[in-house]
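Engineer: Here it is: the structure, laid out below.
None of the figures in this text is laboratory data; all of them are computed from the coordinates on show. None of the values given here were measured: they were computed from a predicted structure. Every residue, glycine among them, receives a Cβ derived from its backbone with ideal geometry; neighbour counts consider all protein chains shown.
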Amino acid sequence: MNSIELMMLEHGNIKRMLKIVRIFCRKLYDKEEVNFDDFEKMIYFIKNYADKHHHGKEERLLFNRMVKYLGPAAQKLVTHGMLVEHDMGRLFMSELGIALDNYKMGDIDSVLDIIANAISYTHLLERHINKENELVYTFAQRNLSLEIMNEIDSDCEKFEEDAEGNGVQQRCLSILDDMERKYLGLDDRMDFGEFESIF
């Protein structure tokens, strides 16, 4: 599995969590009893797997090289497109955290801000992932030299090893599987051992 294939696999995991977030928000909207500890776990996954791990890897290993080697087209696509959307996602998560804190302190109206920011994040990420899978990654693979792509793969392998040493993948994917069992009734879908020999 090369770096682009791994990033696309991660997109699949992120989309799985987005589905769960929407289910939670629907329950909240319908005034069902919800477990906010679960919601905190979903947010943890988003911040640590979707953003810090996945987006961090894109920004530090792929996007910077696209901007450096592929000229104005990549500059527009990355700097004025993908990076702006990464920042927008971080804004939604920041606002969601504030709304959640306010709700816990008794501000019932903050439930609107919780749902608005969480659903806005899911909409943003669904479109963002589709653009990366269908356009950005394809553009990179088609135009970056084999030497540069090999560098990205090598750096990605080191990035993954460091993250594994800190338990990032196992912790986050465990949360994902737990939330799927709870909200979708699904069995385990990922053997964490796969990450030991992913390259």
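Engineer: Nearest 10 degrees is fine. How inclined is helix 3-29 to the longest principal axis of the chain, computing both from alpha carbons?
Structural biologist: For helix 3-29, the angle is close to 10 degrees.
Engineer: Excluding residues fewer than 8 places away in the same chain, name every one of the lysines whose C-alpha is closer than 27 Å to that of K158.
Structural biologist: Counting by Cα, and skipping residues close in sequence, K158 has these lysines nearby: K15, K41, K47, K52, K57, K68, K131.
Engineer: Can you give the relative contact order of segment 52-130 as a percent, counting alpha carbon pairs under 8 Å and 6+ residues apart? Can you show the working numbers first?
Structural biologist: Details: 40 pairs, mean separation 19.7, N = 79.
Reported relative contact order: 25 percent.
Engineer: By its C-alpha gyration tensor, with a ≥ b ≥ c as the square roots of the eigenvalues, how is segment 11-52 shaped: rounded for a/c under 1.5, else prolate for a/b larger than b/c, else oblate?
Structural biologist: Details: a/c = 3.58, a/b = 1.76, b/c = 2.03.
Verdict is oblate for segment 11-52.
Engineer: Hey, another quick one. For the chain, what is the charge dipole size about the Cα centre, in debye to the nearest 20, if Lys and Arg each add +1 at the Cβ and Asp and Glu each add -1 at the Cβ? Before the final figure, lay out each step's value.
Structural biologist: Values: 25 positive and 38 negative charges, 139 e Å.
Charge dipole of the chain: 660 debye, to the nearest 20.
Engineer: HN-Hα J couplings of segment 149-155 from phi, Karplus 6.51/-1.76/1.60, θ = phi - 60°, integer Hz, Gly and Pro as x?
Structural biologist: Per-residue couplings from phi come out as 4, 5, 4, 4, 4, 5, 5 Hz.
Engineer: Can you tell me how segment 73-119 classifies by the Cα gyration tensor, rounded, prolate or oblate, using a/c under 1.5 as the rounded cut? Don't skip to the end; give the middle numbers.
Structural biologist: Details: a/c = 6.92, a/b = 3.94, b/c = 1.76.
In terms of gyration-tensor shape, prolate.
Engineer: Is it possible to state the helix-based mean residue ellipticity at 222 nm for the chain, with each DSSP H run of 4+ residues giving -39500 (n - 2.57), the sum divided by total residues, to the nearest 500 deg cm²/dmol? What is it? Don't skip to the end; give the middle numbers.
Structural biologist: On the way: 8 runs with 135 residues, N = 199.
After summing the helix terms and dividing by the residues of the chain, the value is -22500 deg cm²/dmol.
Engineer: State the extension gain, in nm to one decimal, for the chain segment bounded by A116 and S154, taking 0.36 nm per residue of separation less the distance between their alpha-carbons.
Structural biologist: Numbers: separation 38, 0.36 × 38 = 13.68 nm, distance 3.94 nm.
Taking A116 through S154 to full extension adds about 9.7 nm, to one decimal.
Engineer: Rounding to the nearest 20 debye, state how big the charge dipole of segment 34-148 is about its Cα centre with +1 on each Lys and Arg Cβ and -1 on each Asp and Glu Cβ.
Structural biologist: Numbers: 13 positive and 17 negative charges, 146 e Å.
My answer is approximately 700 debye.
Engineer: Rounded to the nearest Å, what's the spacing between the alpha carbon centres of segment 78-119 and segment 1-34? Just the number, please.
Structural biologist: Segment 78-119 and segment 1-34 have Cα centres spaced 16 Å from each other.
Engineer: Further question: Per 5 Å bin from zero, what fraction in whole % of the C-alpha pairs of the chain is there, up to the bin with the longest pair?
Structural biologist: Computed distribution, short to long bins: 1, 7, 15, 19, 18, 15, 11, 7, 4, 2, 0, 0.
Engineer: Here is a follow-up. Provide the gained length on full extension for the span D107 to E126, in nm with one decimal, where the gain is 0.36 nm per separating residue minus the Cα-Cα distance.
Structural biologist: Values: separation 19, 0.36 × 19 = 6.84 nm, distance 2.97 nm.
Full extension from D107 to E126 adds 3.9 nm.
Engineer: Same structure, new question: Using R₀ = 22 Å, calculate the FRET efficiency as 1/(1 + (r/R₀)^6) where r is the Cβ-Cβ separation of E32 and R171; round to 0.05. Don't skip to the answer; put the middle values down first.
Structural biologist: Working: r = 28 Å, r/R0 = 1.26.
Given R0 = 22 Å and the Cβ-Cβ separation, E is 0.20.
Engineer: Could you check the spin-label model distance between E40 and A73? Points 7 Å from the Cα along Cα→Cβ, value in nm.
Structural biologist: It works out to 4.8 nm between the two label points.
Engineer: Roughly how many nanometres apart are two label points built 7 Å out from the Cα toward the Cβ at E161 and R60?
Structural biologist: 1.5
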